[in-house]
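Here's the structure we're looking at; comments come further down.
The values are calculated or read from the model by the stated rules, or taken from the named source; none is laboratory data. On a predicted model such as this, the values are computed, not experimentally measured, just so you know. Cβ placement follows ideal geometry from the backbone for every residue including glycine, while neighbour counts extend to all protein chains displayed.
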Amino acid sequence: MLVVSGEPAQKPVANLRGVGPARKEQLSRLGIRTISDLLLHLPLRYEDWRPPADPRARAPATFALRGEITGFGHRGTGGVPRTVVDVRSGSVDARAVLFGRRWLAQKLRSGVEVSIYGEWESRRESLRSSGGQISLSARSDIRPVYPTTEGLSSGMIEKLVVRALDEVAGSVSPVLPANLRRRRGLMPFPRAVRAVHRPTALKDAERARLSLAFIEFLLFHIALRAAGRARRQEPGTAHDADPVLSSSFIDFLPFQLTDAQRRAMGEIKEDMRASRRMHRLLQGDVASGKTVVAAWASLLAVESGMRALWLVPTRLLAEQHRRTLGEYMDSLKLSISSLTAEDEESGDNADVIVGTPSLLDRNLQRVGLLVIDEQQRFGVQQRAKLQRAHPCADVLLMSATPIPRTLAGVMLGGVSVSTIDERPEKRGGVTTEVVAEAHREEILLRVQSCVRSGGGVYVICPSIDDSGEGVRSVESAACRIAGALPRTAVAAVHGRMSGEERRNLLSQFAAGDIDILVGTTVLEVGLDIPRAQMMVVENAERFGLAELHQLRGRIGRGQRRGHCCLILTEGASPEARERLHMLQRTDDGTEIAMADMKLRGIGDFFSAYQHGMPRLIFSRYLTSSRFQCAVTEAADVLMHHDPQLNDHQAMRRLLLDLYAESLSIASVL
């Protein structure tokens, strides 16, 4: 996010007149603690209270009408009270019905001038409005409407913002160079901060937002570039030993690598052989073969007399990776261990160690490669802590949420990107179908048929316990399925179980001793059980697109094609239906991730990748490729001519205020 620089803006909001302890607490609920926070608490929308010259010609439309009260009355003793106000504006008669305005009984008088803002329509020779707002003030301007909280109205916030603007007047420095502002048609920073709250025209409000958005994203972009420059200066370990293990590993694989996997391996090898530290993101869709590439990279470190350390978000995934890596590397006589909060120290000396965030507190030596799987699930600070603990280790980030290479580079700042955009040919893949609740019995028959043919079935529910409102729970679904299919082995798995219980159930499912596993999204990541052939997702509209795509990636991993049934809750919205049908139409993870980004908002998507960094206020502008290109071009020019920003001190101060802690960029600025 942005901050408003200068000493006055950094003062506590309680310094403003009218902010006592109660008001301070209300503002705090909105995330407002400083005057800068208040100035960046932006209006949701604007209301234009400037009356038109000819109101009759404007109707039907929303506008403010100013005139003299010719009559009024209060109606409705029960329910919501309403006040009817008759007004004459020039030669135009108008009537407005206002709801819930009890204070009007004491304020209205015939002959008093008022403004009424609402949606007006023509009725014969007069205008009519219902549900609008009335003001006794003579103000005739554009009024901001702010996000509020209990006890704090938009009007109250507006008064405080006006005081804050007066408080910081003259102390806010311009951020962008004048030539860049003029070329892009942007406002200076101080003017934009004022105009976004006190616009003289609606187009000025939008221009102010665009100017602030440009500054915010330019700062973010430059900070990530600076972080990349700092990373490129970090010394690393040159892994250039004789490639005996890594070559043998490829020979021992029971399948052929795809061209995309080989391309990624070449990019990783080039990085790891250099004396600078590698920072690379390996991204690929579910079941694209990222793990085998990362396993091969681990052997480059082992060949150099070092070890590889894998950080994963859950113990379940740690165990899965340990087993998979063991299968890959068994013939090479290498030691592999999992190291989590529940494990003993005995695993510390293995060649490859897979663990959860508890690894952050272990004193592990001779680490040559850090593999961080599902990296977007870790905060910036967690990743940084691990990298500081092993300052010369190469870093390989992995993610199964594919995004375009250019956007990935922007999100991760200076991190090179390798994309696996092919899938192994021998995997069966998945057919997805959106199914109405009314066809549940038909789905049960399909589940029964799958089990009889030797396949395993996952049933995913949004909650563990019954909560009503038509939401399916793990416990009730498991009981219902066990009752309907008495000759099948059904078990429930969820996050409240111990790790040992979950591992035992998954082992039994993999061995065929359990036919149907009913669970929550604890099953989302990392499971690789080839016999899992079918998945049923209850209340599918409650899950995100990327989450559903990850879930269905748990099936069809053997040679038989998988089948995913997304059950749409009765009464779900048309938008929810269309969202799910997208999964039925495509299995392209990048397309799905981008659609999910648009639905959830790019700010949420960024926060997943940059958890622990300041929130982007104006992230909606990032959906515009034209906007992204303009900011990228500006960053190119600035960093080329002034990489330390010595000639742009206001920008430099803002960058350090925002990102020095989260991105450690002070050394290069």
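Within segment 624-633, count every residue that is buried (at least 17 other Cβ atoms within 10 Å of the Cβ) and either outside any helix (DSSP H, G or I) or modelled with pLDDT under 70 (or both).
Number satisfying all stated conditions: 0.
Could you run through segment 491-524 and say how many residues are within 26 Å of Ala540 (Cβ to Cβ) and of a type in the set (D, E, K, R)? Even if it seems obvious, please write down each step before you answer.
Within segment 491-524, the subset within 26 Å of Ala540 (Cβ to Cβ) is 491-497, 502, 505-506, 509-510, 514-524.
Checking which are of a type in the set (D, E, K, R) leaves us with 496, 502, 515, 524.
Count: 4.
Matching residues to (1) without any contact (Cβ under 8 Å) to a residue 12 or more places away in the chain; (2) hydroxyl-bearing (Ser, Thr, Tyr); (3) under 22 Å from Thr200 (Cβ atoms):
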site	(1), (2), (3)
Val145	no, no, yes
Thr149	no, yes, no
Ser153	yes, yes, no
Asn179	yes, no, no
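Tell me, yes or no, whether segment 606-623 has at least one residue that is assigned to a helix (DSSP H, G or I), at pLDDT 75 or above and outside the structural domain of Gly544 (by TED's automatic domain parsing).
First pass over segment 606-623, keeping only residues assigned to a helix (DSSP H, G or I): 606-609, 619-623.
Those left that are additionally at pLDDT 75 or above: 621.
The next check asks that each one be outside the structural domain of Gly544 (by TED's automatic domain parsing); those that pass are 621.
Checked against the condition, which is being assigned to a helix (DSSP H, G or I), at pLDDT 75 or above and outside the structural domain of Gly544 (by TED's automatic domain parsing), segment 606-623 yields at least one hit.
Filter segment 535-545 down to the residues that are touching a Gly at 6+ places or on another chain (Cβ under 9 Å) and surrounded by fewer than 24 Cβ atoms within 10 Å (Cβ to Cβ) and list them by number.
Initial filter on segment 535-545 (touching a Gly at 6+ places or on another chain (Cβ under 9 Å)): 535, 539.
Asn539, the sole residue that qualifies.
Is it the case that segment 287-296 has a residue that's assigned by TED's automatic domain parsing to the domain that holds Val395, of a type in the set (Phe, Trp, Tyr) and buried (at least 22 other Cβ atoms within 10 Å of the Cβ)? So that I can check it myself, show each step before the final result.
As a first pass, look at segment 287-296 and keep what is assigned by TED's automatic domain parsing to the domain that holds Val395: 287-296.
If we keep only those that are of a type in the set (Phe, Trp, Tyr) too, we end up with 296.
Still in the list and also buried (at least 22 other Cβ atoms within 10 Å of the Cβ): 296.
Checked against the condition, which is being assigned by TED's automatic domain parsing to the domain that holds Val395, of a type in the set (Phe, Trp, Tyr) and buried (at least 22 other Cβ atoms within 10 Å of the Cβ), segment 287-296 yields at least one hit.
Select from segment 86-111 the residues that are in contact (Cβ under 8 Å) with a residue 12 or more places away in the chain and under 20 Å from Arg50 (Cβ atoms) and write down the one among them that is surrounded by the most Cβ atoms within 10 Å (Cβ to Cβ). Steps first, please.
Step one: list which residues in segment 86-111 are in contact (Cβ under 8 Å) with a residue 12 or more places away in the chain, which gives 86-90, 92-102, 104-105, 107-111.
Filter once more, keeping what is under 20 Å from Arg50 (Cβ atoms): 87-90, 92, 94, 96.
Values: Val87: 26, Arg88: 14, Ser89: 19, Gly90: 14, Val92: 17, Ala94: 23, Ala96: 24.
Taking the candidates together, the pick is Val87.
Just to verify a result, which residue in segment 346-376, among those that are buried (at least 19 other Cβ atoms within 10 Å of the Cβ) and charged (D, E, K, R), is modelled with the lowest pLDDT?
Within segment 346-376, the match that is modelled with the lowest pLDDT is Glu374.
Could you list, in sequence order, the residues of segment 634-669 that are acidic (Asp, Glu) and at pLDDT below 90?
Asp636, Asp657, Glu661
Looking only at strands (runs of 3 or more DSSP E) that lie completely in segment 487-561, which have at least 1 residues being without any contact (Cβ under 8 Å) to a residue 40 or more places away in the chain and touching a strand residue (DSSP E or B) at 6+ places or on another chain (Cβ under 6 Å)? Outline the logic, then answer.
Details: elements: 490-493, 516-519, 532-537.
In segment 487-561, the matching strands (runs of 3 or more DSSP E) lie at 490-493.
Of everything in segment 20-39, what is surrounded by fewer than 21 Cβ atoms within 10 Å (Cβ to Cβ), in contact (Cβ under 8 Å) with a residue 12 or more places away in the chain and assigned to a loop (DSSP other than H, G, I, E, B)? Give them in sequence order.
If the condition is that a residue be surrounded by fewer than 21 Cβ atoms within 10 Å (Cβ to Cβ), in contact (Cβ under 8 Å) with a residue 12 or more places away in the chain and assigned to a loop (DSSP other than H, G, I, E, B), then Leu30, Arg33 are the ones that fit.
Considering Gly78, Gly71, Gly90, which residue is modelled with pLDDT under 80, small (Gly, Ala, Ser) and either in contact with an Asp or Glu (Cβ under 6 Å, 6 or more places away or on another chain) or farther than 15 Å from Leu136 by Cα (or both)?
Gly78
So which of Gly289, Gly266 is under 33 Å from the mean Cα position of the chain (by Cα) and on the phi > 0 side of the Ramachandran plot? Steps first, please.
On the way: Gly266 fails: on the phi > 0 side of the Ramachandran plot.
Gly289 is the lone residue from the list that is under 33 Å from the mean Cα position of the chain (by Cα) and on the phi > 0 side of the Ramachandran plot.
Which one is farthest from Leu42 (Cα to Cα), of the residues in segment 158-190 that are among the β-branched types (Val, Ile, Thr) and touching a helix residue (DSSP H, G or I) at 6+ places or on another chain (Cβ under 8 Å)? Let's see the steps before the verdict.
Going residue by residue through segment 158-190, those that are among the β-branched types (Val, Ile, Thr) are 161-162, 168, 172, 175.
The next check asks that each one be touching a helix residue (DSSP H, G or I) at 6+ places or on another chain (Cβ under 8 Å); those that pass are 161, 168, 172, 175.
Values: Val161: 10, Val168: 17, Val172: 17, Val175: 19 Å.
Taking the candidates together, the pick is Val175.
Taking Ser507 and the conditions (1) more than 26 Å from Ala438 (Cα to Cα); (2) surrounded by 16 or more Cβ atoms within 10 Å (Cβ to Cβ); (3) polar (S, T, N, Q), which numbered condition does it fall short on, given that it satisfies the others?
Going through the list (1) more than 26 Å from Ala438 (Cα to Cα); (2) surrounded by 16 or more Cβ atoms within 10 Å (Cβ to Cβ); (3) polar (S, T, N, Q), Ser507 breaks only (2).
Among all residue pairs at least 6 apart or on different chains, which show Cβ distances below 7 Å where the first residue, located in segment 245-263, is touching a residue at least 12 places away in the same chain (Cβ under 8 Å) and the second is assigned to a helix (DSSP H, G or I) and exposed (fewer than 13 other Cβ atoms within 10 Å of the Cβ)?
Short answer, once both residue conditions are applied: Phe252/Ser331.
Determine the pairs where a residue that is assigned by TED's automatic domain parsing to the domain that holds Arg561, located within segment 432-459, has a partner that is of a type in the set (Gly, Ala, Ser) and surrounded by fewer than 16 Cβ atoms within 10 Å (Cβ to Cβ) with Cβ atoms under 7 Å apart, the partner being 6 or more residues away or on another chain.
Once the first residue is assigned by TED's automatic domain parsing to the domain that holds Arg561 and sits in segment 432-459, its partners that are of a type in the set (Gly, Ala, Ser) and surrounded by fewer than 16 Cβ atoms within 10 Å (Cβ to Cβ) give Leu444/Ala484.
Give the residues of segment 312-342 that are under 19 Å from Arg503 (Cα atoms), among the hydrophobic types (A, V, I, L, M, F, W, C) and at pLDDT 85 or above, sorted by residue number.
Step one: of segment 312-342, the residues under 19 Å from Arg503 (Cα atoms) are 312-327, 336-342.
Adding the requirement that they be among the hydrophobic types (A, V, I, L, M, F, W, C) leaves 312, 316-318, 325, 336, 339, 341.
Listed by number, the residues that qualify are Val312, Leu325, Ile336.
Only residues that are in contact (Cβ under 8 Å) with a residue 60 or more places away in the chain and not in a loop (DSSP other than H, G, I, E, B): list them for segment 562-574, please.
Gly562, His563, Cys564, Cys565, Leu566, Ile567, Leu568 - these are the residues of segment 562-574 that are in contact (Cβ under 8 Å) with a residue 60 or more places away in the chain and not in a loop (DSSP other than H, G, I, E, B).
Could you count how many residues in segment 391-424 are at pLDDT 80 or above, in a loop (DSSP other than H, G, I, E, B) and crowded, with 21+ Cβ neighbours inside 10 Å? Can you show your working first?
Here is the first cut: in segment 391-424, the residues at pLDDT 80 or above are 391-399, 416-422.
Of the ones still in play, those that are also in a loop (DSSP other than H, G, I, E, B) are 391-393, 421-422.
Narrowing further to those that are crowded, with 21+ Cβ neighbours inside 10 Å: 393.
Counting residues in segment 391-424 that are at pLDDT 80 or above, in a loop (DSSP other than H, G, I, E, B) and crowded, with 21+ Cβ neighbours inside 10 Å gives 1.
Yes/no matrix, rows are residues, columns are (1) farther than 29 Å from Phe255 by Cβ; (2) hydrophobic (A, V, I, L, M, F, W, C); (3) not assigned by TED's automatic domain parsing to the domain that holds Arg446:
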residue: Val474; (1), (2), (3): yes, yes, no
residue: Glu501; (1), (2), (3): yes, no, no
residue: Leu517; (1), (2), (3): no, yes, no
residue: Leu523; (1), (2), (3): no, yes, no
residue: Met535; (1), (2), (3): no, yes, no
residue: Gln559; (1), (2), (3): no, no, no
residue: Leu568; (1), (2), (3): yes, yes, no
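Among the listed residues Arg207, Arg198, Arg183, which satisfies the condition of being of a type in the set (Lys, Arg) and loosely packed, with under 14 Cβ neighbours inside 10 Å?
Values: Arg207 fails: loosely packed, with under 14 Cβ neighbours inside 10 Å; Arg198 fails: loosely packed, with under 14 Cβ neighbours inside 10 Å.
Matching residue, one of Arg207, Arg198, Arg183: Arg183.
Contact list please: Cβ distance under 8 Å, first residue in segment 639-665 and closer than 17 Å to Phe217 by Cβ, second residue of a type in the set (D, E, K, R), pairs at least six apart or on different chains.
As it stands, the answer is Met639/Arg225; Leu645/Arg652; His648/Asp642, since those pairs meet every condition given.
Just the residues that are modelled with pLDDT under 90, of a type outside the set (Lys, Arg) and within 18 Å of Leu568 (Cα to Cα), please, taken from segment 440-465. Write out each step before concluding.
Residues of segment 440-465 modelled with pLDDT under 90: 440-441, 462-465.
Filter once more, so that each one left must be of a type outside the set (Lys, Arg): 441, 462-465.
Across segment 440-465, the qualifying residues are Glu441, Pro462, Ser463.
Listed residues Ser122, Ser140, Ser115; which is in contact (Cβ under 8 Å) with a residue 40 or more places away in the chain, among the polar types (S, T, N, Q) and assigned to a loop (DSSP other than H, G, I, E, B)?
Working: Ser122 fails: assigned to a loop (DSSP other than H, G, I, E, B); Ser115 fails: assigned to a loop (DSSP other than H, G, I, E, B).
Result: Ser140 is the single residue among Ser122, Ser140, Ser115 that is in contact (Cβ under 8 Å) with a residue 40 or more places away in the chain, among the polar types (S, T, N, Q) and assigned to a loop (DSSP other than H, G, I, E, B).
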